[in-house]
Amino acid sequence: MAKGLTKRQEEILEFVKDYSRREGYPPSIREIGSKFEISSLRGVTVHLDALARKGYISRANTPRSIKVTHPEHQPKTDMIMLPILGTIAAGAPILAVEEAEETMAVPPEKVRGVSNAFLLRVQGDSMTGDGIIDGDLVIIKPQETWSENDIVAVVLDDSATLKRVRKTPSGAQLIASNPAYAPIPVDTENARVIGKAIGLMRDF
């Protein structure tokens, strides 16, 4: 047992580590409660506050902000370095940039064996219904094809946007998961898919 932790606190710590390594971002308080059958959010935060006091995690007042900070409990895995090829809009399309800004270490299970995957930084809030928020890094599998309801990176007249795509009689629509944004009708001849979103990284 980790020094100074109760059995339940250690179980929650291990869950946070495993979830963060697998998904690329930490679990929500509700997900922790569901995993350990803790009926109230307050019941979960009591354990998280104890882990923070004991120096095992840090936590901000924002969703999915738990970060393992204890040096002996940092997730250990062989990481893959992916290039960050600029910013993509989760809102109105923005100017497309395809030059590497920097690289980021990504767990191999998030890349799913895609050898030429890359990252795009999200700007905007149109995809919050899919758990994609401003500042997230989306893992993109390069491809020019799409299937119904895929989340894809699309270039429209030298601007790029991240949306779900759906077929229509006249072409396709780019659909936001935030209802505040209207669908964007596109002509498939003028829209260029550059890749499909296959994962998500969140940097705190």
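The values are calculated or read from the model by the stated rules, or taken from the named source; none is laboratory data. Note that the structure is a prediction, hence the values are computed from the model and not measured. No Cβ is skipped: glycine too gets one built from the backbone with ideal geometry, and neighbour counts run over all protein chains shown.
Observations on the model:
- Residue that is farthest from the chain's Cα centre (by Cα), among those in the stretch 129-175 that are among the β-branched types (Val, Ile, Thr), farther than 23 Å from Thr103 by Cα and at pLDDT below 95: Thr168
- Some residue of the stretch 70-87 being under 13 Å from Ala153 (Cα atoms), at pLDDT 80 or above and not β-branched (Val, Ile, Thr): yes
- Restricting the stretch 47-65 to residues that are assigned to a helix (DSSP H, G or I) and of a type outside the set (Lys, Arg), the residue that is nearest to Gly131 (Cα to Cα): Leu48
- Note on the stretch 95-115: among residues that are surrounded by 17 or more Cβ atoms within 10 Å (Cβ to Cβ) and among the aliphatic types (A, V, I, L, M), the one that is modelled with the lowest pLDDT is Ala96.
- Pair list, Cβ under 9 Å, 6 or more apart: the stretch 54-73 residue closer than 14 Å to Phe15 by Cβ, other residue of a type in the set (Val, Ile, Thr) and surrounded by fewer than 16 Cβ atoms within 10 Å (Cβ to Cβ): Tyr56/Thr69; Ile57/Thr69
- Filter result for Val16 (under 20 Å from Asp136 (Cα atoms) and of a type in the set (A, V, I, L, M, F, W, C)): yes
- Residues considered: Thr145, Thr128, Thr161. Of these, the only one that is polar (S, T, N, Q), exposed (fewer than 14 other Cβ atoms within 10 Å of the Cβ), in contact (Cβ under 8 Å) with a residue 24 or more places away in the chain and closer than 28 Å to Tyr25 by Cβ is Thr145.
- Subset of the stretch 1-46 that is part of a loop (DSSP other than H, G, I, E, B) and within 24 Å of the chain's Cα centre (by Cα) - its residue that is modelled with the lowest pLDDT: Gly24
- Of all residues in the stretch 185-200 being touching a residue at least 24 places away in the same chain (Cβ under 8 Å) and either touching a helix residue (DSSP H, G or I) at 6+ places or on another chain (Cβ under 7 Å) or more than 20 Å from Arg22 (Cβ to Cβ) (or both), the one that is surrounded by the fewest Cβ atoms within 10 Å (Cβ to Cβ): Asn190
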